[in-house]
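One structure is given below, encoded as structure tokens.
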Amino acid sequence: MSPIWNNCLAKLENEISAADFSTWIRPLQAVESENQIRLLAPNRFVLDWVKQHHFKKLEEVIHDFSNGALTLQLEIGSKQSAPPKSFSKPAAPVVATNKSRPNNLNRAFTFENFVEGKSNQLAKAASIQVSENMGKAYNPLLIYGGSGLGKTHMMHAIGNAILEKKPSANVIYLHSEKFVQDMVKALQQNSINTFKEYYRGVDALLIDDIQFFAGKERSQEEFFHTFNTLLEKKHQVVLTCDKYPKEIVGLEDRLKSRFGWGLPVAVEPPDFETRAAILLKKAHQVNVDLPQEVAFFIAKRIPSNVRDLEGALRRVIANAQFTGKPITTEFTKEALHDLISLQDKLINIDNIQKTVAEYFKIRIADLSSKNRRQSVTRPRQIAMTLARELTSHSYPEIGDAFGGRDHTTVINAVKRVNELKESDIKVSEDYANLLRTLSH
Amino acid sequence: MAEQLPLQFEFNTQQTFHNYYPGSNQEIVAHLQEAIIHRTEQLIFLWGEPGLGKTHLLRASCQLAYEQQQSSFMISLNPEALPDVSILDDLDAIESVCIDNIDAIAGIDEWEHAFFNFFNRHRDNDQHLILSASSPPVYLTVQLADLKTRLNWGLTLKLKALTDNDSLGALTFKADSLGFEISPQVGRFLLTHFARDLPSLWALLDRLDVASLAAKRKLTLPFLKQLLKTPSDV
């Protein structure tokens, strides 16, 4: 730290508003030389702002503290190593950590610590196949499903497993928007050929969230060619998407069709048992002994996605560490009190009925009516099952909310829907879609 | 004799953890400090009603990061005048980034995408992010589902509102930092006659400080009542 700049900061702290000081002045990094002090701004926006609003003041204090010996130079930069800004420097992570590999793969995501359940076992099996038979098993492998269900984890696990088997393999993981950004930069810098060579030369290309290609025609075209080249060479392509590609608006038909060439596998929201297993595993990873009944409690109350589960677990662990209390169900109820009451406000029987009625295009009143047509009874049974899974209401309370039905009707509805989820793909999909809608 | 005019300079107090009155929010202060010093939680989402000191805590976190010789950056977003998204460019390597009022970007497509991309890059670099909003992630009207689930990923902490005892403690704490004493009697009087959120209380004390300095009188109940007769003074 430059001693002169330190003095300047101490002075400026009292002369500039706290808001301006913390946003514009403190982030500047000083590099002092014999006759100059260079202040590095993290980006153009900050640089322009500081130049426009604070340059004179900065010059003044630097002049005072250096007795006129230092001049001020403002520029964009950082004293740390620069982030990998483009495809031409993919091998330089910003901060070398034991978690990240140079190819953007996160070492922490492996198959070993991926919790398998009914909702994701097919995707996991296919991913293992791909990592063991790169370019031969399923190409491309497309993993699709809602946000926060472990698609990215699976993708990193594939990359890590490939490298485990063949350390010299050129595996690249990136988010689709990074591909777009790199391409824009390449076009600006007249280096599109280098860009093409780079991405078309990898052994395995793992691209996350391809739905973000929607509406970006030039990027889609480039990706189309990259994709074809890799497949022709029998190099592996793995993609993730938040929905089945055919449903993406703004994605070219030829891409939609090609993405379906290999194996598209879905990941669904985790079921109760998988949610509990995920919690136990995550707790174990951070050396916390999570009682099983606590895992069951959280899994029951947080029915949505893995990120929400992780967030809840973090809250419980952080609270236990702060208070020094053991993690029990009572303690967890208290620690998650806010979260659970919010969840309850968001997911209640009224909301479930409204969502189910909209989904099946029937009237809300039909769900409480005596109507026994299957177009109404099935949605009613599904709504009752969702109410049982997502709320803490008892069977009689749920029965009451559906036109004063007996609690045995609700028990039978839940049993029937759970059977149908196993045997009827349509019911299983409808249920998963509704669960996803209600949990976000 | 003419009233003495107090010297009108504004001492621009830096907002640090030392001058934050935690009340029932000690746990939050502890987690923020721990996250900065020991680089523990990668994402902290702080939420609570306006006036509980979220901005103060974010500034304090940046100050602490600076003291720990870490790079830090703070943006306070104003929903009425959001800056250009390029303010997020190249912040990936900044060790602690604090964004105040993140709810301001909800529903604004360009900002949601830019922040989503920044979030991923910054997280991939193992850097730390502290966000604040007036409601929890699940209530934000964020349209990008991937962003919404990411906001829920970290440690979400709710700032608790001040109880009457906390408010009294806060008044004494602030008065002490301004260099004068405030009796519990005066404190209770202020709490029953004025707005009790922290910014209003702080502003009130600043004004009372000036008034008592001008009158060269201690801040007693009779003096306060006398001031109240001329409300423009306070």
* Could you please give the count of residues in segment A:207-249 that are out of contact with any helix residue (DSSP H, G or I) (no Cβ under 8 Å at 6 or more places or on another chain) and of a type in the set (Gly, Ala, Ser)? => 2
* Do we have A:Lys282 as open to solvent by 60 Å² or more (accessible area, probe 1.4 Å) and either within 28 Å of B:Gln42 (Cβ to Cβ) or within 21 Å of the chain's Cα centre (by Cα) (or both) here? -> no
* To do: Name every residue in segment A:383-413 that is out of contact with any Gly (no Cβ under 8 Å at 6 or more places or on another chain), open to solvent by 40 Å² or more (accessible area, probe 1.4 Å) and within 25 Å of A:Asp424 (Cα to Cα), in order of residue number.
  => A:Arg388, A:Glu389, A:Tyr395, A:Thr408, A:Ile411, A:Asn412
* Which residue, of A:Glu358, A:Glu310, is surrounded by fewer than 16 Cβ atoms within 10 Å (Cβ to Cβ), without any contact (Cβ under 8 Å) to a residue 60 or more places away in the chain and in a helix (DSSP H, G or I)? -> A:Glu358
* Would you check if there is a residue in segment B:44-51 being farther than 28 Å from A:Glu310 by Cβ and outside the structural domain of B:Ala195 (by TED's automatic domain parsing)? => yes
* Structure fact -> Going through (1) open to solvent by 10 Å² or more (accessible area, probe 1.4 Å); (2) within 19 Å of B:Ser86 (Cα to Cα) one by one, A:Asp182 fails only at (1)
* Index of the failed condition, B:Thr149 passing every other in (1) more than 19 Å from B:Ser24 (Cα to Cα); (2) in the same structural domain as B:Gln26 (by TED's automatic domain parsing); (3) open to solvent by 10 Å² or more (accessible area, probe 1.4 Å); (4) among the hydroxyl-bearing types (Ser, Thr, Tyr) -> (3)
* Asked: Does B:Leu171 satisfy being more than 14 Å from every other protein chain (Cβ to nearest Cβ), part of a loop (DSSP other than H, G, I, E, B) and crowded, with 23+ Cβ neighbours inside 10 Å?
  -> no
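Hey, among A:Ser368, A:Ser394, which residue is more than 23 Å from A:Glu268 (Cβ to Cβ) and at pLDDT 90 or above? Lay out the reasoning, then the answer.
Numbers: A:Ser394 fails: at pLDDT 90 or above.
Only one candidate passes the filter, namely A:Ser368.
Of B:Leu201, B:Leu219, which residue is buried (at least 20 other Cβ atoms within 10 Å of the Cβ), in contact with an Asp or Glu (Cβ under 8 Å, 6 or more places away or on another chain), more than 17 Å from B:Trp47 (Cα to Cα) and not assigned by TED's automatic domain parsing to the domain that holds B:Trp47?
Selected residue: B:Leu219, the only one of B:Leu201, B:Leu219 that is buried (at least 20 other Cβ atoms within 10 Å of the Cβ), in contact with an Asp or Glu (Cβ under 8 Å, 6 or more places away or on another chain), more than 17 Å from B:Trp47 (Cα to Cα) and not assigned by TED's automatic domain parsing to the domain that holds B:Trp47.
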* Taking the condition in contact with a His (Cβ under 8 Å, 6 or more places away or on another chain) and more than 14 Å from every other protein chain (Cβ to nearest Cβ), does A:Ile327 pass? -> no
* Asked: Which of the following residues is over 30 Å from A:Ala318 (Cα atoms) and open to solvent by less than 50 Å² (accessible area, probe 1.4 Å): A:Arg372, A:Arg380, A:Arg416?
  -> A:Arg380
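Might you let me know whether segment A:217-237 holds any residue that is open to solvent by 10 Å² or more (accessible area, probe 1.4 Å) and within 14 Å of chain B (Cβ to nearest Cβ)?
Pass one, segment A:217-237, residues open to solvent by 10 Å² or more (accessible area, probe 1.4 Å): A:217-218, A:221-222, A:224-225, A:228-229, A:231-235.
Within this subset, residues satisfying the condition of being within 14 Å of chain B (Cβ to nearest Cβ) are none.
Checked against the condition, which is being open to solvent by 10 Å² or more (accessible area, probe 1.4 Å) and within 14 Å of chain B (Cβ to nearest Cβ), segment A:217-237 yields no hits at all.
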* To do: Please indicate, with yes or no, whether at least one residue in segment A:180-189 is touching a helix residue (DSSP H, G or I) at 6+ places or on another chain (Cβ under 8 Å) and closer than 19 Å to A:Pro264 by Cα.
  => no
* To do: Tell me, yes or no, whether segment A:9-26 has at least one residue that is open to solvent by 60 Å² or more (accessible area, probe 1.4 Å) and free of Cβ contacts under 8 Å to residues at least 24 places away in the same chain.
  => yes
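Give me the residue from segment A:177-206 that is within 13 Å of chain B (Cβ to nearest Cβ) and of a type in the set (A, V, I, L, M) and, out of that set, nearest to A:Gly260 (Cα to Cα). Quick ask: steps written out before the conclusion?
As a first pass, look at segment A:177-206 and keep what is within 13 Å of chain B (Cβ to nearest Cβ): A:177-182, A:184-185.
If we keep only those that are of a type in the set (A, V, I, L, M) as well, we get A:180, A:184.
Details: A:Val180: 22, A:Val184: 27 Å.
That would be A:Val180.
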* All positions within segment A:41-51 that are open to solvent by 10 Å² or more (accessible area, probe 1.4 Å) and within 12 Å of A:Ser78 (Cβ to Cβ) -> A:Pro42
* Some residue of segment A:40-63 being in contact with a Leu (Cβ under 7 Å, 6 or more places away or on another chain) and of a type in the set (Asp, Glu) -> yes
* Asked: Which condition does A:Ile298 not pass, out of (1) assigned to a loop (DSSP other than H, G, I, E, B); (2) open to solvent by less than 60 Å² (accessible area, probe 1.4 Å), if it passes all the others?
  -> (1)
* To do: Tell me, please, whether a residue that is crowded, with 18+ Cβ neighbours inside 10 Å and more than 14 Å from chain B (Cβ to nearest Cβ) can be found in segment A:330-340.
  => yes
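Mind checking which residues of segment B:43-96 are among the acidic types (Asp, Glu) and either facing chain A (nearest Cβ under 9 Å) or touching a strand residue (DSSP E or B) at 6+ places or on another chain (Cβ under 9 Å) (or both)?
Passing the criteria: B:Asp84, B:Asp89, B:Asp90, B:Asp92, B:Glu95.
The values are calculated or read from the model by the stated rules, or taken from the named source; none is laboratory data. All values derive from a computational prediction rather than experimental measurement. Note that each Cβ is placed from the backbone with ideal geometry, even for glycine, and that neighbours are counted across all protein chains shown. The accessibility values were calculated without ligands, DNA or RNA, using every heavy atom of the protein model including side chains. Shrake-Rupley method; radii C 1.70, N 1.55, O 1.52, S 1.80 Å.
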